[in-house]
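All remarks here apply to the structure that follows.
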Amino acid sequence: MRLPSWIAQHLAAFRAVLVFTALLGLAYPLAMVAVAQIPGLHSRAEGSLVQTADGKTVGSRLIGQLFTDADGNPVTRYFQSRPSAAGDGYDPTSTSASNLGPESVVDTLAANPDDASQSLLTQVCERSKAIGELEGVSGARPFCTPDGVGAVLVVFHRDGLTGPVTRAVSVNEACPATPFVTTYEGVTVECAQIDADYSGGIVTPIRGTAPADPAVPADAVTASASGLDPDISQAYARLQAPRIARERGTDVGTVRGLIDKYTTERALGFMGEPAVNVLELNLALDRQFPSNS
């Protein structure tokens with residue numbers, strides 16, 4: 001007996017649902033689970049978790065973490081990771097970048113702290129200053145003030161975009177701060193007034209006298225796109241080596257040897273840069289130089 005067309009269509013749709021459920025809901029997931037058990041892939045499929053000798057899971061090789069105290073200050077006996085814009089730092093549920101680019105050089109100054117925000121330039125300057133103080137090196141870098149904010153003026157000209165300068169404002173330094181430069185092209189530089197509108201001037205970053213190659217490397221002051229990068233550069237690791245050696249009671253050469261041991265070379269020998277896994281390096285420190293603190 002021939003079924004009515006509407007029943008036949010519903011039966012065909014039902015059979016399709018059963019087939020695709022079996023293929024994509026059962027067979028495919030089970031096949032992926034089976035592939036994940038292949039030697040060399042199992043650890044990665046499980047999240048590349050890192051465990052201590054007593055079996056305690058302390059993190060992942062693929063996801064970075066902070067080595068700070070409850071107040072957010074660096075724990076000085078550990079290597080520090082790069083900054084993270086993911087949540088409060090290295091939050092896998094909030095992976096993201098700051099979405100700030102090279103043109104983000106002017107801070108938003110406001111009386112209400114919730115309405116204020118730092119430009120990418122000031123974030124970089126502030127981090128560089130803090131790391132310089134932590135590591136005992138100069139945190140100076142181009143376009144940063146000695147106080148760790150973006151060295152940026154908004155300059156007003158007599159004829160709009162041309163003509164003599166009539167006014168200059170250090171827009172990232174709120175009054176009553178003293179501007180990082182006294183004058184600009186013969187005009188006294190002003191500090192910035194909260195909530196003032198300086199849109200009529202020309203944004204003018206001032207390079208300053210900092211070296212082109214700062215002591216604090218770029219990855220120490222910028223977050224990765226995901227906010228979860230578990231690695232730092234060899235340059236940043238080596239910058240931290242004297243502090244680690246001092247805190248752990250050993251010599252710098254020994255610490256640098258550990259850095260080299262936990263350095264991953266360029267992918268395929270030419271892609272990217274050598275990288276140091278911070279978690280594995282810190283665990284190696286704890287094994288070789290146990291601390292009671």
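The values are calculated or read from the model by the stated rules, or taken from the named source; none is laboratory data. Bear in mind that the values here come from a model prediction, so they are computed numbers and not experimental data. Because the Cβ atoms are built from the backbone with ideal geometry, glycine has one as well, and the counts that use them run over all protein chains shown.
Quick notes on this structure:
- Given (1) crowded, with 18+ Cβ neighbours inside 10 Å; (2) modelled with pLDDT of 85 or more; (3) under 19 Å from the mean Cα position of the chain (by Cα), number of the condition residue 72 does not satisfy: (1)
- Every listed requirement among (1) surrounded by fewer than 15 Cβ atoms within 10 Å (Cβ to Cβ); (2) in contact with a Cys (Cβ under 7 Å, 6 or more places away or on another chain) is met by residue 266 save one, (2).
- The set of residues in region 190-207 being assigned to a loop (DSSP other than H, G, I, E, B) and surrounded by fewer than 16 Cβ atoms within 10 Å (Cβ to Cβ) consists of 193, 194, 195, 196, 197, 199, 200, 207.
- Test for residue 169: is it free of Cβ contacts under 8 Å to residues at least 40 places away in the same chain, over 30 Å from residue 77 (Cα atoms), of a type in the set (A, V, I, L, M) and buried (at least 20 other Cβ atoms within 10 Å of the Cβ): yes
- Restricting attention to region 243-293, the residues that are within 21 Å of residue 50 (Cβ to Cβ), of a type outside the set (S, T, N, Q), in contact (Cβ under 8 Å) with a residue 24 or more places away in the chain and not in a helix (DSSP H, G or I) add up to 4.
- Residue 276 vs. criteria under 25 Å from the mean Cα position of the chain (by Cα) and surrounded by 14 or more Cβ atoms within 10 Å (Cβ to Cβ): yes
- Residue match in region 251-258 (condition: within 26 Å of the chain's Cα centre (by Cα) and either among the hydroxyl-bearing types (Ser, Thr, Tyr) or surrounded by 20 or more Cβ atoms within 10 Å (Cβ to Cβ) (or both)): yes
- Some residue of region 202-221 being among the polar types (S, T, N, Q) and over 30 Å from residue 72 (Cβ atoms): yes
- Meets criteria (farther than 26 Å from residue 290 by Cβ and modelled with pLDDT under 85) for residue 27: yes
- Taking the listed residues 278, 216, the one that is touching a Leu at 6+ places or on another chain (Cβ under 8 Å) and either closer than 20 Å to residue 133 by Cβ or not basic (Lys, Arg) (or both) is 216, with no other qualifying.
- Against the test of being at pLDDT below 95, among the basic types (Lys, Arg) and out of contact with any Phe, Trp or Tyr (no Cβ under 9 Å at 6 or more places or on another chain), the options 238, 266, 246 yield a single qualifying residue, 266.
- In this structure, residue 66 does not satisfy being assigned to a helix (DSSP H, G or I) and touching a residue at least 24 places away in the same chain (Cβ under 8 Å).
- Here residue 151 passes the criteria (1) closer than 21 Å to residue 209 by Cα; (2) out of contact with any Phe, Trp or Tyr (no Cβ under 6 Å at 6 or more places or on another chain); (3) of a type outside the set (Val, Ile, Thr) except the one numbered (2).
- For region 79-136, a residue qualifies if it is β-branched (Val, Ile, Thr), free of Cβ contacts under 8 Å to residues at least 60 places away in the same chain and crowded, with 20+ Cβ neighbours inside 10 Å, and exactly one does: 122.
- Restricting region 75-127 to residues that are among the hydroxyl-bearing types (Ser, Thr, Tyr) and outside any loop (DSSP other than H, G, I, E, B), the residue that is modelled with the highest pLDDT is 122.
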